[in-house]
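Structure, as structure tokens:
The values are calculated or read from the model by the stated rules, or taken from the named source; none is laboratory data. Computed from a prediction, not measured in an experiment: that's the story for all the values here. For neighbour counting, all protein chains shown are included, and Cβ atoms are generated from backbone atoms with ideal geometry for every residue, glycine included. Note: areas computed on protein heavy atoms with side chains; ligands, DNA, RNA excluded. Shrake-Rupley method; radii C 1.70, N 1.55, O 1.52, S 1.80 Å.
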Amino acid sequence: MATATSDIKQSKDVKQPKPLPAPNSDFYQLAETLNPEELALVKQVRAFMESKVAPIINKYWTDDAFPFELLPAFKELNIGGLGYEGYGCRGGSPKLFGFVAMEMARIDPSFTTFWGVHTGLAMGSIYLDGSEEQKQKWLPPMARLEKVGCFGLTEPLVGSGTGGGLTTTAKREGDTWILNGEKRWIGNATWCDVSIIWARDVEDNQVRGFIVENKNTPGFSVDKIEHKIALKVVQNGHITMKDCRVPDANRLSGGQGSFRDTARVLRMTRYFVGWEATGCQMGAYENALAYAQSRLQFGKPIGSFQMIQDLIARMLANITACQCMLLRLADLDDEGKMQDYHASLSKAFCTAKMRETVAWARELFGGNGIVVDYNVARFFADSEALYSYEGTFQMQNLIVGKAVTGLSAFV
Ligand SMILES: Cc1cc2nc3c(=O)[nH]c(=O)nc-3n(C[C@H](O)[C@H](O)[C@H](O)COP(=O)(O)OP(=O)(O)OC[C@H]3O[C@@H](n4cnc5c(N)ncnc54)[C@H](O)[C@@H]3O)c2cc1C
């Protein structure tokens, strides 16, 4: 009969399996470049996304529904006006704004898009192109998320060509503007309070932005776009405007009164989408790696097979390349040097790499990769929308091509 001492000795001799490393998509330790205050916010956002969003998002995604139940806790994060100075906004560097976007998309690109449309596109239009009075009036309640915004640029017949071809018209009558036309794909539009509408002034053909209080503007109606296969949580609307009267006080009047104002906003939000696309890859990668460590085939974890490790290394390389590119772009932005073509290059590159990464992640899951419950299918599907919105891959590359060749290939 063995003694207690020999039992202990024997159990020490049995080789315990080495614990496997936890999935971590910050391979080059980029978080170390954040200051303590920034890092604290990023961790707070991670905690919110992991504890509140992750447990319920697959259900909302499947149901094509927006999780309004998350808004009270989300407001407490106080990131409604992240990146803007003054006007009740939180402030913060472009790098912090990017890290927060990446952190959110690591769990869910739809909820990130809701925030990006509100904070980036809608608030950004007012912050960059509004007058002092307009900023004072609109930004504080939007920063508190008491009023949620959307951004209406794309039309049913005009997507990539919005710079020169908007068909929505704005006609001035004294102190009032009359808006007529349609907008398509507008995120948050079915339920938000403030719509930034871009329209062509019939007088001079210039594109101008208007702040429309959509809930109480007669002639403004929104139909939800049904049957989407990506970003299903985001409520995208088809807006119709019939003789909508908007006071001149609501015409964005702090910019140049042309499409350059719109482009300034898009530069900032394309920067945002680069980070968002990187977060989307991180979520897919971390899910895939955890699966590779636990899924057994041929009596072994599939993560121990060479060809699976090849997929994992490729995914991580894509993510790390995107992160490093964006970190440098954040500095350029901070120094006021980021141009449209810089943002376009990263939007195109990061969304293209994202498409590869999420496809490899889905592949690694085998059949389970097409079931929403395993998360990776959601990242896979959502990536398609990120690839196309805020200007397609081709449009970004045309912007870059024009900058580096000095020759415009726009038709
Ligand atoms: C989920 C989702 C959310 C969105 N949210 C918003 C929003 O909140 N607000 C908003 O205003 N818009 C929004 N959009 C619209 C989005 O920005 C447009 O879908 C995008 O700009 C492309 O326009 P399009 O879909 O009309 O495609 P098109 O312009 O019709 O392009 C079709 C294809 O042709 C290619 N193409 C076009 N012209 C050229 C050319 N000259 N050379 C080479 N290729 C070309 C394009 O790259 C694309 O592959 C959203 C879209 C989606 C899918």
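Examine the stretch 94-111 for a residue that is surrounded by 18 or more Cβ atoms within 10 Å (Cβ to Cβ) and more than 21 Å from the chain's Cα centre (by Cα), and state whether such a residue exists.
no
Here are some conditions: (1) under 20 Å from the mean Cα position of the chain (by Cα); (2) loosely packed, with under 13 Cβ neighbours inside 10 Å. Residue 64 meets all but one. Which one does it not meet?
Evaluating residue 64 over (1) under 20 Å from the mean Cα position of the chain (by Cα); (2) loosely packed, with under 13 Cβ neighbours inside 10 Å leaves (2) as the failure.
Read through the list (1) more than 10 Å from the ligand (Cβ to nearest atom); (2) crowded, with 18+ Cβ neighbours inside 10 Å; (3) more than 23 Å from residue 107 (Cβ to Cβ), then give the number of the only condition that residue 369 fails.
That leaves (3) as the condition not met.
Contact list please: Cβ distance under 6 Å, first residue in the stretch 142-154 and open to solvent by 40 Å² or more (accessible area, probe 1.4 Å), second residue charged (D, E, K, R) and within 16 Å of the ligand (Cβ to nearest atom), pairs at least six apart or on different chains.
Close Cβ pairs (under 6 Å, with a partner that is charged (D, E, K, R) and within 16 Å of the ligand (Cβ to nearest atom)) amount to 147/193; 154/184.
Restricting to the stretch 195-207, count the residues that are surrounded by fewer than 24 Cβ atoms within 10 Å (Cβ to Cβ) and in contact (Cβ under 8 Å) with a residue 24 or more places away in the chain.
Of the residues in that region, 6 qualify.
Which condition number does residue 407 fail, the rest of (1) within 13 Å of the ligand (Cβ to nearest atom); (2) more than 23 Å from the chain's Cα centre (by Cα); (3) open to solvent by 60 Å² or more (accessible area, probe 1.4 Å); (4) not acidic (Asp, Glu) being met?
(1)
Within the set of pairs 6 or more residues apart or between chains, which connect a residue that is assigned to a helix (DSSP H, G or I) and open to solvent by less than 50 Å² (accessible area, probe 1.4 Å) inside the stretch 383-402 to a residue that is basic (Lys, Arg) and more than 6 Å from the ligand (Cβ to nearest atom) with Cβ atoms less than 6 Å apart?
Qualifying pairs under 6 Å: 383/355; 387/355; 396/347.
May I ask you to verify whether residue 245 is at pLDDT 95 or above, more than 25 Å from residue 64 (Cβ to Cβ), touching a Pro at 6+ places or on another chain (Cβ under 9 Å) and surrounded by fewer than 23 Cβ atoms within 10 Å (Cβ to Cβ)?
Against the criterion (at pLDDT 95 or above, more than 25 Å from residue 64 (Cβ to Cβ), touching a Pro at 6+ places or on another chain (Cβ under 9 Å) and surrounded by fewer than 23 Cβ atoms within 10 Å (Cβ to Cβ)), residue 245 qualifies.
Identify all residues within the stretch 227-247 that are of a type in the set (Val, Ile, Thr) and more than 17 Å from the chain's Cα centre (by Cα); write none if there are none.
Answer for the stretch 227-247, where residues must be of a type in the set (Val, Ile, Thr) and more than 17 Å from the chain's Cα centre (by Cα): 239, 240, 246.
What's the total number of residues in the stretch 22-43 that are assigned to a loop (DSSP other than H, G, I, E, B) and open to solvent by 90 Å² or more (accessible area, probe 1.4 Å)?
So the answer is 3.
So how many residues does the stretch 233-242 have that are open to solvent by 30 Å² or more (accessible area, probe 1.4 Å) and either within 12 Å of the ligand (Cβ to nearest atom) or in contact with a Cys (Cβ under 6 Å, 6 or more places away or on another chain) (or both)?
Number of matching residues: 1.
On the basis of being in contact (Cβ under 8 Å) with a residue 60 or more places away in the chain and in contact with a Cys (Cβ under 9 Å, 6 or more places away or on another chain), does residue 349 make the cut?
In short, yes.
Would you be able to say whether some residue in the stretch 44-56 is outside any helix (DSSP H, G or I), among the hydrophobic types (A, V, I, L, M, F, W, C) and in contact (Cβ under 8 Å) with a residue 24 or more places away in the chain?
no
Would you tally the residues in the stretch 1-56 being out of contact with any Pro (no Cβ under 7 Å at 6 or more places or on another chain) and at pLDDT 95 or above?
36
Within the set of pairs 6 or more residues apart or between chains, which connect a residue that is more than 20 Å from residue 24 (Cα to Cα) inside the stretch 289-311 to a residue that is assigned to a helix (DSSP H, G or I) with Cβ atoms less than 9 Å apart?
Close Cβ pairs (under 9 Å, with a partner that is assigned to a helix (DSSP H, G or I)) amount to 296/302; 297/366.
Given 251, 270, which one is within 16 Å of the ligand (Cβ to nearest atom) and open to solvent by 20 Å² or more (accessible area, probe 1.4 Å)?
Just a single option satisfies the conditions, and that option is 270.
Please determine whether any residue of the stretch 263-281 is under 25 Å from residue 164 (Cβ atoms) and either in a loop (DSSP other than H, G, I, E, B) or more than 19 Å from the chain's Cα centre (by Cα) (or both).
no
Against the condition out of contact with any strand residue (DSSP E or B) (no Cβ under 9 Å at 6 or more places or on another chain) and within 26 Å of residue 228 (Cβ to Cβ), how does residue 160 come out, does it pass?
yes
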